[in-house]
Amino acid sequence: MNAPIPADAGPDGDSALRLAAPYDPDSLDDLLERFGSPLLVIDCDVIRRQYAALAAALPGVDLHYALKPLPDIDVVRTLAALGSGFDLATSGEVELVRRAGVDPGRCIHTHPIKREGDIRDALEFGVRTFVADNPDELRKFRGCADRVELLIRVSFRSPAAVVDLSRKFGCDPEAAPGLIGQAREAGIRVAGLSFHVGSQSRTPDTKVRAIEVCTGILRRAASSLSAPPVLDIGGGFPIDYLEPASPIDAFCEPIRTALRGLPEGTRILAEPGRFICGPAGTILTTVMGRAWRDGRWWYYLDDGLYGSFSGQLYDHARYPVAPLRDKPGPRFHSVLAGPTCDSIDVVREDIELPELEAGDVIVGRQMGAYTVASATDFNFFPRARTVVVNR
Ligand SMILES: Cc1ncc(COP(=O)(O)O)c(C=O)c1O
């Protein structure tokens, strides 16, 4: 995996950059002129809108933005100003929130399998809440038991999620009480439980079942846990891609109902990533050249699967893409290909487009999450630069 996006990527200090969505083509052209192509435009107004929508759909839940889909310092600062907490997984993410001036008391560290250095750096910053899911991981906290409290991560497989995160992390629900007991014997406080049923969940069903099972565990283990206990319901809140997702209030309705069954006073956390930053990112990429092959126009873009569209591979996302400026005239079966010399580097095979030429711009929407964060510079095609608007 690459280093985090540099915190000052983009024209830091240019706080005057204002852009009202839906963006008009002239303003986007203007950004390309100033900052070059490919370009990721991050809109802080959309970050604010998404945070407010999720906070309204989950009243009483402390939202902790998960940095991994878009580790950008302006996004962190924007969310910190709204009162958000932060979900960190590595020392790089700790460093980013430190530079953004975030209060460590508002941060949790949720990687279930950590390097000693990750624990050391997070502790040194002031993080006190960590996640563990097995006895080996518990042992890593023996030397700092007086300074930490743990959440035990529980696994709930989720066939309905596009990315099933419980395959890789979390203990079986039946194993959680035993781990809570082992932690206590080692003198480590356990605050409660966490889970992440998967990213881009199509339905809330697995989350609801996970809340119900965790409610039972929290009740049975009450005497071994901090009072009040903590339940962290993870991320996974879905957004529209080529396929629309449920509106967030409807998605959260059964979750709200399930949360009402938790023991009185339970502190509830969530770790949304994609929902907060996905809709805030727009990719602008330019046609480098074209060829007519096998009855279709092939357009070669300056961004592709090794760049911002890496989420099509890693995250299984299908982004809405369209020309920046529509053109009159016939439509052609077209292919949008990435710039590298690798034949896998094709963004879309099945798209009807007007005839484009070198210099035309393609816009990718809903591209803030798991895009530039997982991009490479393969073949020396530089990943998209980031420009932040509406800071
Ligand atoms: C521990 C943890 N929390 C939160 C997230 C963010 O999930 P999402 O972007 O689906 O909201 C992830 C994503 O991988 C994760 O691993």
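By how many degrees, 0 to 90 and rounded to 10, does the Cα axis of helix 205-220 deviate from the longest principal axis of the chain?
It is inclined by approximately 20 degrees.
When only Cα pairs under 8 Å and 6 or more residues apart are kept, what is the percent relative contact order across segment 45-277?
Once divided by the residue count of segment 45-277, the mean separation gives 22 percent.
By the scheme Lys and Arg +1, Asp and Glu -1, what is the net charge of all other residues having a beta-carbon under 13 Å from that of Met288?
-4
Straight distance only, please: which lysines reach the Cα of Lys168 with their own Cα at less than 22 Å, same-chain residues fewer than 8 apart left out?
Partners found: Lys68, Lys114, Lys140, Lys207.
Want the number for Arg209 to Thr257: 0.36 nm per residue separation, take away the alpha-carbon distance, what's left?
Contour length minus Cα-Cα distance gives 16.1 nm.
Rg (Å, one decimal) plus Dmax (Å, integer) for the alpha carbons of segment 84-129?
Taking only Cα atoms of segment 84-129, I get Rg and Dmax of 9.2, 27 Å.
For the pair Ser223 and Arg142, what calculated FRET efficiency results from E = 1/(1 + (r/R0)^6), where r is the Cβ-Cβ distance and R0 = 25 Å, to the nearest 0.05?
Calculated transfer efficiency: 0.65.
Using the Kirkwood radius over Cα pairs, work out the Stokes-Einstein diffusion coefficient for segment 45-277 at 10 °C and 1.306 mPa s, in µm²/s as a whole number.
Translational diffusion coefficient: 90 µm²/s.
Share of Cα-Cα pairs in the chain beyond 35 Å, in percent?
Roughly 29 percent, rounded to a whole number.
Determine the relative contact order of the chain: mean sequence separation of Cα pairs under 8 Å and six or more apart, normalised by residue count, in whole percent.
It rounds to 22 percent for the chain.
7 Å from Cα along Cα→Cβ at both Ala21 and Cys341: what's the point-to-point distance in nm?
3.9 nm
With axes computed from alpha carbons, what is the tilt in degrees of helix 116-125 against the longest principal axis of the chain, rounded to the nearest 10 within 0 to 90?
Taking the Cα atoms of the chain, the angle to 116-125 is about 90 degrees.
Can you compute the modelled spin-label distance between Leu242 and Ala291, with each label point 7 Å from Cα toward Cβ, in nm?
A separation of 2.3 nm, rounded to one decimal place.
Calculated FRET efficiency, Asp350 and Glu95, Cβ-Cβ r, R0 41 Å, to nearest 0.05?
Approximately 0.50, to the nearest 0.05.
Quick one: net charge around Val347, please, counting Lys, Arg +1 and Asp, Glu -1 for every other residue with C-beta under 15 Å from its C-beta.
-3
Out of Gly261, Gly170, Gly235, any idea which swings most in a Gaussian network model of the chain, alpha carbons joined below 10 Å?
Comparing Gly261, Gly170, Gly235 in a Gaussian network model of the chain, the most mobile one is Gly261.
Can you tell me what the convex hull of the Cα atoms of segment 140-228 projects to on average, as an area in nm²?
The orientation-averaged projected area of the Cα hull of segment 140-228 comes to 6.0 nm².
Where both residues lie in the chain, what percent of DSSP beta bridges are antiparallel, nearest 5?
That works out to approximately 40 percent antiparallel.
Suppose each label sits 7 Å from its Cα in the direction of the beta carbon; what would the Asp29-Ile113 distance come out to in nanometres?
Roughly 5.1 nm, to one decimal.
Ranked from highest to lowest mean number of other Cβ atoms within 10 Å per residue, what is the order of the peptides 215-225, 301-311?
301-311, 215-225
Can you tally the net charge around Phe378? Count Lys and Arg as +1, Asp and Glu as -1, for every other residue whose Cβ sits under 12 Å from the Cβ of Phe378.
My count for the surroundings of Phe378 gives -3.
At 222 nm, what value in deg cm²/dmol follows for the chain if DSSP H runs of at least 4 each add -39500 (n - 2.57) and the sum is divided by all its residues, to the nearest 500?
-8000 deg cm²/dmol
Quick one: what does P(r) look like for segment 60-198 with 5 Å bins over all Cα pairs, in whole %?
Here the calculated profile for segment 60-198 is 2, 11, 20, 21, 20, 16, 8, 3, 0.
Readers should treat all values here as calculations from the given coordinates under stated rules, not as data from a laboratory. Not measured: the values here are computed from a predicted model. We place every Cβ from the backbone using ideal geometry, glycine too, and count neighbours over all the protein chains shown.
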